[in-house]
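These notes are about the structure you will find just below.
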Amino acid sequence: CKCAVGKSNVILVTGGGGYVGSHTVVELLNANYSVIAIDNLSNCFSSDKHEKPESLKRVEKITSKNIIFYNVDIRNSSDLDKVFKKHKISTVIHFAALKSVGESTQKPLAYYENNVMHANGVKSLVYSSSATVYGIPQFLPLTESHPTGQGCTNPYGKTKYFVEEIGKDLCTAYPDWKLISLRYFNPVGAHPSGIIGEDPSGIPNNLMPYISQVAVGRRDFLRVFGSDYDTVDGTGVRDYIHIIDLAVGHLRALEKISKPTFTGFQPYNLGTGRGYSVLEVVKAFEKASGKKIEYKLVERRPGDIATCYSDASFAKEELNWVAEKDIDEMCKDTWKWQSNNPNGFS
Ligand code: NAD
Ligand code: WQD
């Protein structure tokens, strides 16, 4: 996508109708950025394809601010050009992607086509990456210097790695281009208002939305994938991060990338540095919701690793960012969203 770089505070948010995008738009608007959101509505609910998705309508309610929205697919360069010609965009935050690990193994080409961004002409980009780029951890906690790409066993993880590698080459070849790659660990939770939250289509792949759907009665029980890992209780350990902490991390990244002293490509881990097991999350959710979460211990899910958690000290030093919300708040806010919206946005 072509970016008319200027000193404006106009931010283009691709995939703005999604879970991370919509929560980040709240923080951008509250910080007085102007937001242009684009989304092809492939994974967010909209009652009318010519209107902004329900998530962004609710963001406008939360912030009492207006969002300019275009139903645009990032793969359509001419539609993208029209957006850049119409608005003086200073930075792009690139959320738009397909994100199902399982689906990516069945539809690799769809993922390569959709997730490997058209980087021509982008001058200043904050990119949604993932701890998945680290593959199987060679050491823990994971720092940004951990090797990437080697253990990416699924096409989804490879798309994240490929885009980072393309970004590194772009920034090397064109010194005026800047790219911050935010490596998210496990985003969970919802805006404390309970008005927006995670609304996966179909059966949730991820733990937290699955647990919340059990709690609200949409699912009978949780399948715990593996109870024989070398962890505190045999179940998988992950670094869950509250979606609001994650969204604020994007504000800090925007501040950083806008500094003349920032150049080139730089990844930052966005995590809490604390791992929780599946059963610890179940227990925390029961406490937050007052609901019993029925579960069954079943076999491991192929491709899963035992333990993954971050060293986020580099983001603290460089972005002046630290995750502040704990697992109890993650569960409380998830439950408020899910209990207020048993069927999500639809
Ligand atoms: P999401 O599916 O809720 O949001 C993605 C949005 O992008 C959706 O609204 C979808 O309609 C849109 N989109 C997809 N393809 C598009 C295209 N070609 N053109 C325009 N819009 C398109 O997912 P999310 O959880 O908000 O994830 C956002 C980003 O963060 C993704 O890049 C994802 O890979 C990354 N990420 C997510 C997680 C997580 O666990 N949620 C973890 C690490 C990284
Ligand atoms: C967490 C833990 C499961 C569901 C994935 C992607 C990653 C990123 C975040 C996009 C694991 C266990 C899960 C269930 C379970 N997404 N689990 N029963 O696998 O760490 O990361 O989402 O970028 O790229 O790989 O997250 O929430 O799927 O699983 O027992 O029904 O919960 O085994 O230990 P994961 P998850």
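Read the figures in this text as sums done on the coordinates, not as results from a lab. Since this is a predicted model, take the numbers as computed values, not measurements. So basically every Cβ, Gly included, is an ideal-geometry build from the backbone, and we count neighbours across all protein chains shown.
Tabulated data for the structure shown
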quantity: Within straight-line cross-link reach of K256, aspartates and glutamates at Cα separation under 13 Å, skipping those fewer than 8 residues along the same chain; calculated: E317, E318
quantity: Descending Cα extents along the principal axes, segment 54-195, whole Å; calculated: 46, 41, 30
quantity: Whole-Å semi-axes of the ellipsoid equivalent to segment 189-301 (Cα gyration tensor, √5λ, descending); calculated: 32, 18, 12
quantity: Between segment 44-78 and segment 252-307, the alpha-carbon center distance in angstrom; calculated: 27 Å
quantity: In degrees, nearest ten, helix 155-173 long axis to first principal axis of the chain (Cα); calculated: 30 degrees
quantity: Rounded tilt (10° steps) of 327-340 against the dominant C-alpha axis of the chain; calculated: 80 degrees
quantity: Considering only the chain, percent of DSSP beta bridges that pair antiparallel, nearest 5; calculated: 5 percent
quantity: Mean projected area (nm²) of the alpha-carbon convex hull when segment 237-330 is viewed from all directions; calculated: 7.5 nm²
quantity: In degrees, nearest ten, helix 19-30 long axis to first principal axis of the chain (Cα); calculated: 60 degrees
quantity: Net dipole in debye of the chain [+1 Lys, Arg Cβ; -1 Asp, Glu Cβ; about Cα centre; nearest 20]; calculated: 800 debye
quantity: Amide H contacts of S181 (H built 1.01 Å from N, under 5 Å, at least 5 apart or other chain); calculated: Y127, Q266, Y268
quantity: Within straight-line cross-link reach of K82, lysines at Cα separation under 19 Å, skipping those fewer than 8 residues along the same chain; calculated: K2, K49, K52, K123
quantity: Gyration tensor verdict on segment 1-90 (Cα atoms; rounded if a/c is under 1.5, prolate if a/b is larger than b/c, oblate otherwise); calculated: oblate
quantity: Sequence-distant aspartates and glutamates (8 or more away, or on other chains) whose Cα lies within less than 16 Å of K168; calculated: E144, D176
quantity: Overall Cα dimensions of the chain, principal axis frame, Å, largest first; calculated: 53, 44, 38
quantity: Cβ-Cβ FRET estimate between D169 and F139, R0 fixed at 41 Å, reported to 0.05; calculated: 0.95
